[in-house]
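Inspection log for the structure reproduced underneath, given as structure tokens.
Since every read-out is calculated from the coordinates, none of them should be taken as a lab result. In this text, all values refer to a predicted model and were calculated from it rather than measured experimentally. Heads up, the Cβs are rebuilt from the backbone with ideal geometry, glycines too, and the neighbour counts pull from every protein chain shown.
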Amino acid sequence: MTRSSASGAGKGTASTTRRDFLKASTTMASAGALGALNVGAYAGAGDVIRLGMIGCGGRNTGAADQAMTADKGVRLVAMCDIFMDRVKTVREVLKGNKPDQVVADDDHCFAGFDGYKRVIEACDVVVIANAAKFHPHHALTAIKAGKHVFVEKPHGIDPVGMKVMKQAADLARQKGLCLVSGLHSRYHTGYAETVQRIHEGQIGDVVAIEENFLRGPYGVIERKPGLSEVQWQCSTQYHFRWLSGDDVIQSLVHNLDRASWVMHNKAPAKCHGLGGRSSMTEPIYGDVFDHHSVVYEFDNGVPIYAFCRTTTGCYDEYSSVVLGTKGKADIMGCRIWGETNWRWTGKCDPYQREHDVLFKAIRDGKPVNNGDYMVPSTTIALMGQISCYTGQEVTWEQINSSEFCYEPRPEDCYDEMIPPVLPGPSGSYPVPLPGRTRML
């Protein structure tokens, strides 16, 4: 038995009843249109909970499967993506895994930038894992409509997006709705016990933190004939900044969330970063950097040395190491050594546990809200990413007061639009120039 559970399991207020809690979901679409699915005034043991997918890539396919595993009363009733062929392919994959729980018919499969609206209308809970640009807007729209939300990291890619996500978290709390974050470390019971032991002083005072996320690039695909420029960029969205935010925000955010957790959920006061492109320069790599290094500093002087890389043929490492005056802790290895020697030997699937907690909260009428860490942790990543692009020191005050956003805004995107970045004469895309690029 671990000494500390994941901090994601929030507590509802005494005034929130199970009936009030699920009433927060708006009136369902016609039962006939969705196979006579029916949700009562609250989610009793036999009630159906209607699930919608916003995004049909690999991560959201996993999230939907985990949602249906968490609660046998969940029915997948609506799905959307930029591409209809992806929607229907994923529907068949999920049907193979959960044949009795996937009931989305052709009339509830949507394509295009506006498909999320139709999904939100049809469900009680949405899982959101599409291009990160849209995470804040889609989450806020769902919460305004009275839906419970699981949203994958990152929780925004620019300062304006982070303000929207904070608004979503605050509104969910006011309405008694669940908002669960895809920053899965907080749901890993072994990580939680390791951090708890650090807080108890088992490695002494924290001196420094080293964070590594070094591996090859996200899935690289060739451009299919017939795709428009915006369709091409959306099909490989991790490689375009206006859609994904780049790798500090996409990947290193997990590490930075763990570092903030170690520091009692505090944010660094400032950071400076280095980044660029060394070898991933072909058009298929879009306009993102392939390496970043960021040094953060907290008010008490403790630094985070944070590194991420997406280059093939290089040394790979994924780690979070905390150095103390009496020893060291490897959070991902669930291990402490030095004056105290300890190793966690349990098992935990944090991806599944996120959904176990979410759907239990819906059944019990006790809302869980991860806004207290999901917004600050993503903002920490954002300040490092912008420092790498500009070559400037970025402070916590600067990033939180900035009104910078990647145009166009999520609500202004449409299917026939011209994307904000286009290839140059060589076919490759322009990238930020540290020392010249200005963002704040």
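For the reader, a short list of remarks on this structure follows.
- Taking amide H as placed 1.01 Å from N in the peptide plane, the amide H of L183 sits under 5 Å from that of K153, each at least 5 places away or on another chain.
- Annotation: peptides 319-329, 89-99, 360-370, ranked by per-residue average of other Cβ atoms within 10 Å with the highest first, follow the order 360-370, 319-329, 89-99.
- From phi via Karplus (6.51, -1.76, 1.60), per-residue ³J(HN,Hα) for the range 237-247 in Hz, x at Gly/Pro: 4, 5, 9, 10, 4, 5, 9, 10, x, 5, 7
- Size of charge dipole - the range 262-346 - debye, nearest 20, with Cβ of Lys, Arg +1 and Asp, Glu -1, no other charges: 340
- Amide H contacts of V207 (H built 1.01 Å from N, in plane; Pro and chain starts excluded): L323, G324, T325 sit under 5 Å, all sequence-distant by 5 or more or on other chains.
- Estimated FRET transfer efficiency (T395, K72; beta-carbon r; R0 51 Å; 0.05): 0.55
- Among M165, M263, M374, the residue with the largest mean-square fluctuation in a Gaussian network model of the chain, with springs joining Cα atoms closer than 10 Å, is M263.
- A simple count of charges around S278, restricted to other residues whose Cβ falls under 14 Å of its Cβ and scoring Lys, Arg +1 and Asp, Glu -1, yields -1.
- Other residues with beta-carbon under 10 Å from the beta-carbon of I143 carry, at +1 per Lys or Arg and -1 per Asp or Glu, a net charge of +3.
- Put simply, the amide H of F110, placed in the peptide plane, has neighbours under 5 Å in M79, C80, D81, leaving out anything fewer than 5 places away on its chain.
- Multiplying the residue separation of E229 and E282 by 0.36 nm and subtracting their alpha-carbon distance yields 17.5 nm.
- Cα convex hull of the range 67-150, projected area averaged across orientations, nm²: 5.2
- Histogram of C-alpha separations across the chain, 20 Å bin width, %: 26, 57, 17, 0
- Modelled FRET efficiency - R0 41 Å, M439 with D330, Cβ distances, 0.05 increments: 0.75
- Integer Hz, Karplus 6.51/-1.76/1.60 couplings in order for the range 142-148, x for Gly and Pro: 5, 5, 4, 7, x, 9, 7
- Karplus (6.51, -1.76, 1.60) ³J(HN,Hα), θ = phi - 60°, over the range 371-377, in Hz, Gly and Pro reported as x: x, 5, 10, 5, 6, x, 5
- Alpha-carbon centroid distance for the pair the range 217-294 / the range 51-115, whole angstrom: 26
- Estimated 222 nm signal from helices in the chain, with DSSP H stretches of n ≥ 4 weighted -39500 (n - 2.57), rounded to 500: -9500 deg cm²/dmol
- Model label sites at F404 and E339, defined 7 Å from Cα along the beta-carbon direction, differ in position by 4.2 nm.
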